[in-house]
Amino acid sequence: GSKKDGGDNRALYTPLLRRICQRSGIRLVAKQYDLGKKCLCGGVGNGLTASYPVAPTDILDILPLVKHAASVAGESFAPCSFHGNAAGSTSLHVLLSDAKTVYEYGHANLSSGNVAVALDYSLEASAMYQRVLDSPIHPQICKCLKLTAVAHFHKNEHDLAIAAAIKYLAVSISLGGFDSAEVLHAHLTVADILLGTGRIPEGVKHLRAAQFLMEFMAGKHYAGISSTYYRMGSHYYDAGKLEDALRFYKVAASRRSEDRMFDCLIARNSAGVLARLGQFKAAFDYEKKAYQLYVTFLGEEHDATKACSNTLMQLMKLAVEQEKRSKIQEKERVKEDAADAVADQIRADEEAEEAQQKKKKKQSKKKKK
């Protein structure tokens, strides 16, 4: 990782370093590299270990690459295979028109609502690919697993859906590492299925993993980060953890979003959390922000704007009443403090008088002697 990746610099050094390693076949030690600052390239006189921040001792291995026209995701180079089984490579397309057609039929049927048919097609396509590859580790099988998981979920076969989604995540990690785009989609798929089946804690863990990968690979300005924080805040809100929910909403509001209406949802939900916490003045401010956005984008006559206006009036009344109560309580507290100060002063005077009387008695006894 890099300390600079989390700052305002738009260059994402860690993903860039990973991309260079993938294109050149270099494998580095997984550790914290101080990227984005001055570097040092060691020469013959300085010694090979003098380079910084990546030293020659950080290089674990160099994999040979081969140019291949059938490599996946538009990559022109793929890891070289020495056993001669080109079809079994995890980085190459398998040119099976029948399997591709079956998968596309399954995807089309899922989109049209024919879940049972889509499930049959996805399982058949996966079986066809595995018979050719003799291995489940391949991008095409990965797509089939995702389709299978979604189809099982829509058929309310939750256990099978979770099992297929976990396999989809495992295959994605095996293919591209933990920080690939496919792993990000796999974490979101697993999170959606777990949250949809009521397994909230496990689902939130995968949602947090997806949020981490978004920021790690695309930076903090990635458009999908705001919605992910918002979703996590909503789940914490439903669980009754209001402070945590408010914290996630604040982070979601601070991140970039392509949908301005999304800012309205964040503001309204933040107002709801603050209202439940009894902070009506702050809740009124958030609701006012949401109302202004609704008026700007939807107009004053829209149902959402009217509902927001009604909530705004209620929060204003509650904030005024709370302010009045706080002022009354403040006055009572001042009176109590003044009364306590008077009582302390009286007590101190009495103690001083008693001490003076005791001193006089001692002096009178000494005179008699």
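Overview of results
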{"item": "Kirkwood Rh and Cα Rg combined as Rg/Rh, the chain", "result": "1.24"}
{"item": "Charge dipole (region 166-317, unit charges on Cβ, about Cα centre) - positive-most of GLN279, ALA304, ILE173", "result": "GLN279"}
{"item": "Whether region 240-333 is rounded, prolate or oblate, judged on the alpha carbon gyration tensor where a/c under 1.5 counts as rounded", "result": "oblate"}
{"item": "Length released on extending from THR197 to ALA352, taking residue separation times 0.36 nm less the Cα-Cα span", "result": "48.4 nm"}
{"item": "Nitroxide proxy distance, nm - points 7 Å out along Cα→Cβ at ALA343 and LEU242", "result": "3.3 nm"}
{"item": "Only Lys, Arg (+1) and Asp, Glu (-1) charged, at Cβ; the chain dipole about Cα centre in debye", "result": "2720 debye"}
{"item": "Cα centroid of region 112-148 to Cα centroid of region 312-346, whole Å", "result": "68 Å"}
{"item": "Entries in LYS38/LYS205; LYS281/LYS306; LYS220/LYS288; LYS143/LYS220; LYS143/LYS205; LYS250/LYS324 that, when Cα-Cα distance is taken, lie over 31 Å", "result": "LYS38/LYS205"}
{"item": "Vicinal HN-Hα couplings computed from phi for region 181-193 (Karplus, 6.51 cos²θ - 1.76 cosθ + 1.60; Hz; Gly/Pro x)", "result": "5, 5, 5, 4, 5, 5, 4, 5, 5, 4, 5, 4, 5"}
{"item": "Two-decimal ratio, region 145-279, of alpha-carbon radius of gyration to 2.2 N^0.38 Å", "result": "1.11"}
{"item": "Longest site-free stretch - the chain; sites: GluC sites (Glu not before Pro), DSSP loop, at most 13 other Cβ within 10 Å", "result": "1-257"}
{"item": "Between helix 13-24 and the chain: long-axis angle, C-alpha atoms, 0 to 90°, nearest 10", "result": "10 degrees"}
{"item": "Residues with amide H under 5 Å from that of SER51, placed H, sequence gap 5 or more", "result": "GLY42"}
{"item": "Distant-in-sequence amide H partners of VAL66 (H built 1.01 Å from N, under 5 Å)", "result": "ALA78, CYS80"}
{"item": "Among GLN22, ALA341, PHE262 - extreme Cα towards positive end, dipole of the chain, charges at beta-carbon", "result": "ALA341"}
{"item": "Sequence-distant residues sharing a close amide H with LEU28 (under 5 Å, placed H)", "result": "LEU60"}
{"item": "³J(HN,Hα) computed for each position of region 276-290 - Karplus, 6.51 cos²θ - 1.76 cosθ + 1.60, integer Hz, glycine/proline x", "result": "5, 7, x, 9, 6, 5, 5, 4, 4, 5, 5, 5, 5, 4, 5"}
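None of the figures in this text is laboratory data; all of them are computed from the coordinates on show. Everything numeric here is computed off the predicted structure, so don't read it as measured data. In this analysis, Cβ positions are derived from the backbone assuming ideal geometry, glycine residues included, and neighbour counts consider all displayed protein chains.
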